[in-house]
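Take a look at the structure below.
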Amino acid sequence: MMNDHVRQALTALVHGEGGDPVPEDARELFGDELFAPAEGLDHEQHCRLTYRRLRRLGERVPPASKLLADPLALFALLERCAVSSPSLFLGMTVHTCLSLGAVCEFGAGRDDLGEYIAELDTMSSFGALLVTEAGVGNSHVGIRTEAVYEPEADGFVLHTPDPSAAKFMPNVGLPGVPKLGVVYAQLLVSGRNRGVFPFVLPIRDADGPKPGISITPLPETPFMPLDYASIVFDRVRLPVRALLHDSARLSANGQFHDPLGGPEERLPRSLDIRHRAWAASASALAAAIRASAAMAVRFAHERITLSRSAPEQPVIAYRSQQLPLFEALATAYVMTSLVNRVKRIWAGAVPESDDPCWSPGQGFHRTIGLAKAVSGWAAERVAAECGQRCGAHGMFAANRFAGYQGLGHILGPAAGDSYLIVLESAKAMAAGTAYQPPPGIVQASRRDVSALPVAVGLIGMRERGLHAALAGGMRTAVRRGQPPFEAWNNRSWLARELVETHVTRLALESLITDIATLPDPGAAQAVLHLAEFVALRDIRQNSGWYLSEEVLTPAQVRAIPASLNRLCEQIAPQALTLASVLLPEDMDLHAVAYPTSCATISSSSQN
Ligand SMILES: Cc1cc2nc3c(=O)[nH]c(=O)nc-3n(C[C@H](O)[C@H](O)[C@H](O)COP(=O)(O)OP(=O)(O)OC[C@H]3O[C@@H](n4cnc5c(N)ncnc54)[C@H](O)[C@@H]3O)c2cc1C
């Protein structure tokens, strides 16, 4: 049995040393009836409920502009939103991180934006971000909405040149809900394109869309219902203050200067706003993984089952249940550690590192994006598996497994397409941009693959090998004179493998660092077993690579299942405690996420 010291140490590892940064009365809110899973609603009722929840949240938490300045509190709050309702998370993230974030970031130091900030702070309008366009894929790099500067009016005319440039999928479709938008458009001054800039403007008020703006609600999205819509601008006049000009300057006589250079340099800067949303998404996804693992591990300990070969006992006694559930538990710890490191660096709460992946700049931005992408895949997988392992009980909406699976699924394209993030990241890593592959030598005897330093070393070797294959292939293509499209296209299949291996290594290294700080040896040992489990499962899943590269022998690969069995035996006595700290204390599993049906079954089984 684990004692209180162990529990305390594990809680600090998962939720941070400094205690919960979310204000107490905001925490209590999630136990309110308004935030309880709602059944039998149609799409519009569901959307309206999300805005009512957002408003209630807005009454209890500091204004969004204050939250932006306290990233650890903001991320912790968004995690609670995600565990409570994925739609609530998306609404709050778009409002705070993206819409208000863009106004504060690109309007820093200005005194003419106070009205917009106050509107968002009081939630008299909700924020929206309008970047994506409907007509072509990867539209962020080819935005066609235009904002033409008119010196005589000292303002802009915002226009959608044709229907394929309609803005696509912001949550602005619900009648009666005022929306303030940040719209990305090409800035045209004196007939010259000056690059993509954000513009702030009211999109709709309580009476409907503002003049010149057409809003068409989109069909329902079952995974994360919200009032998504497409939007067309017909020569909408904007005052000059609508331009969030950042470091660029536009004078009344039409003189324009951008210290960054030109449109090529401006676009990535304008899209910088994504990074906060990526960090928020990764935080939410890690929280969804924790919630799924916590519920399913607990259920498996309480669910008594029958078998012809064994007496009645909790289903967790079966290895077939342990393997997937301990994998979920281990994934919760390893992804949490990775994402916690991302959050701490974002908040400036840790000293700078020599590793470009963890130092502010291109390398760290890539790590944030990859944390979002990989935790999305993991959340989808873990929530689905945990739901299945709860049998029919896992299927009820009140359990939220389907909601968490949906969160992982929909945060693939939402908040910046994860697959494109992966592809771009791999390309940059192959080019050696802010990236060094790990050393390729595994120290000491490789006999025991399950020893953590050996296992992490092996994963590092694979990362190095995949990087060498991709980077070498790209160099060969250049030598052969292949055009850039073919050069990349023929090798892009390596991208996902490379970044998944890279992220697994980073996450394991983070967890190992966290383990070293644990004051309690029992807690350290328990988490160490989870790290070993993650590493060994990864090596087993990719055993084809290790065999074909002659890094491991067939005998070593054949020995892995026995090592996983051993690990299961070591994890089993601690699994319930490890799972019990995964949600903040105030989000009690029975109150928040444990289904009535399971609670009934479990209490009757204990009688
Ligand atoms: C729930 C939700 C909410 C959203 N909210 C907003 C919002 O508030 N504001 C906003 O502006 N947008 C929003 N979006 C849009 C979102 O940003 C886009 O869906 C996302 O960027 C992907 O763009 P797309 O849908 O046009 O897909 P596409 O770009 O058409 O991609 C389709 C597929 O092709 C792949 N692909 C595309 N281009 C390439 C390429 N060059 N190389 C290789 N593969 C490629 C993609 O990875 C994907 O698999 C939202 C989306 C969702 C799902």
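The values are calculated or read from the model by the stated rules, or taken from the named source; none is laboratory data. Values in this document were obtained by computation on a predicted structure and should not be read as measured data. Ideal geometry is used to build each Cβ from the backbone, glycine not excepted, and the neighbour counts take in all protein chains shown.
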Selected residue [outside any strand (DSSP E or B) and modelled with pLDDT of 95 or more] from 252, 280 | 280
What do you reckon, is residue 24 free of Cβ contacts under 8 Å to residues at least 40 places away in the same chain and in contact with an Asp or Glu (Cβ under 9 Å, 6 or more places away or on another chain)?
-> yes
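For every residue, the table says whether it meets (1) out of contact with any Pro (no Cβ under 7 Å at 6 or more places or on another chain); (2) within 30 Å of residue 49 (Cβ to Cβ); (3) not in a strand (DSSP E or B).
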| position | (1), (2), (3) |
| --- | --- |
| 147 | yes, no, no |
| 152 | yes, no, yes |
| 157 | yes, no, no |
| 161 | yes, no, yes |
| 170 | yes, yes, no |
| 173 | no, yes, yes |
| 177 | yes, yes, yes |
| 182 | no, yes, no |
| 187 | yes, no, no |
Lone unmet requirement of (1) surrounded by 20 or more Cβ atoms within 10 Å (Cβ to Cβ); (2) away from the ligand (no atom under 16 Å from the Cβ) for residue 470 = (2)
Are any of the residues in the range 82-95 under 13 Å from residue 120 (Cα atoms), modelled with pLDDT of 95 or more and among the hydrophobic types (A, V, I, L, M, F, W, C)?
-> yes
Qualifying positions in the range 380-419 - under 12 Å from the mean Cα position of the chain (by Cα) and free of Cβ contacts under 8 Å to residues at least 60 places away in the same chain = 380, 412, 413, 418
When the range 125-152 is checked residue by residue, the ones that are more than 24 Å from the chain's Cα centre (by Cα), β-branched (Val, Ile, Thr), surrounded by fewer than 18 Cβ atoms within 10 Å (Cβ to Cβ) and within 29 Å of residue 89 (Cβ to Cβ) are 136
Among the residues of the range 333-374, write down those that are polar (S, T, N, Q) and assigned to a helix (DSSP H, G or I).
-> 336, 337, 340, 362, 367
Members of the range 1-21 that are closer than 28 Å to residue 345 by Cβ and in contact with an Asp or Glu (Cβ under 6 Å, 6 or more places away or on another chain) | 6, 9, 13
Output for Cβ contacts, cut-off 6 Å, separation at least six or different chains, first residue within 17 Å of residue 38 (Cβ to Cβ) and part of a helix (DSSP H, G or I) in the range 77-94, second polar (S, T, N, Q) and away from the ligand (no atom under 11 Å from the Cβ), reads 87/50; 88/50; 91/50
Qualifying positions in the range 420-447 - surrounded by fewer than 17 Cβ atoms within 10 Å (Cβ to Cβ) and free of Cβ contacts under 8 Å to residues at least 60 places away in the same chain = 424, 431, 432, 439, 440, 441, 443, 444, 445
Condition test on residue 280, is it within 16 Å of the ligand (Cβ to nearest atom) and crowded, with 24+ Cβ neighbours inside 10 Å?
-> yes
Which of the residues that make up the range 186-199 are more than 16 Å from the ligand (Cβ to nearest atom) and not charged (D, E, K, R)?
-> 187, 188, 189, 190, 191, 193, 195
Residue check, residue 171 surrounded by fewer than 17 Cβ atoms within 10 Å (Cβ to Cβ), of a type outside the set (Gly, Ala, Ser) and within 16 Å of the ligand (Cβ to nearest atom) = no
Provide a single number: the residues in the range 113-144 that are within 13 Å of the ligand (Cβ to nearest atom) and of a type outside the set (D, E, K, R).
-> 17
Would you mind stating whether residue 320 is of a type in the set (S, T, N, Q), more than 30 Å from residue 308 (Cβ to Cβ) and in a helix (DSSP H, G or I)?
-> no
Whichever residue in the range 145-156 is of a type outside the set (A, V, I, L, M, F, W, C) and within 15 Å of residue 184 (Cα to Cα) and, among such residues, is nearest to the ligand (Cβ to nearest atom) = 145
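Listed here are the residues, each with its yes/no results for (1) in contact with a Lys or Arg (Cβ under 9 Å, 6 or more places away or on another chain); (2) surrounded by fewer than 17 Cβ atoms within 10 Å (Cβ to Cβ); (3) more than 26 Å from residue 9 (Cα to Cα).
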position: 521; (1), (2), (3): no, yes, no
position: 535; (1), (2), (3): no, no, no
position: 539; (1), (2), (3): yes, no, yes
position: 550; (1), (2), (3): no, yes, yes
What residue, among those in the range 286-317 that are basic (Lys, Arg) and part of a loop (DSSP other than H, G, I, E, B), is farthest from residue 374 (Cα to Cα)?
-> 308
Give the residues of the range 175-185 that are more than 10 Å from the ligand (Cβ to nearest atom) and buried (at least 21 other Cβ atoms within 10 Å of the Cβ), sorted by residue number.
-> 179, 180, 185
Please work out which one of (1) out of contact with any Leu (no Cβ under 8 Å at 6 or more places or on another chain); (2) surrounded by fewer than 24 Cβ atoms within 10 Å (Cβ to Cβ) is the condition residue 155 fails and give its number.
-> (1)
Which residue pairs have Cβ atoms under 6 Å apart, sit 6 or more places apart or on different chains, and have a first residue in the range 515-528 that is among the aromatic types (Phe, Trp, Tyr) and a second that is in a helix (DSSP H, G or I)?
-> none
Have a look at 307, 292, 283, 320 and point out the one that is closer than 30 Å to residue 403 by Cβ and free of Cβ contacts under 8 Å to residues at least 12 places away in the same chain.
-> 320
Can residue 161 be described as more than 13 Å from the ligand (Cβ to nearest atom) and free of Cβ contacts under 8 Å to residues at least 40 places away in the same chain?
-> yes
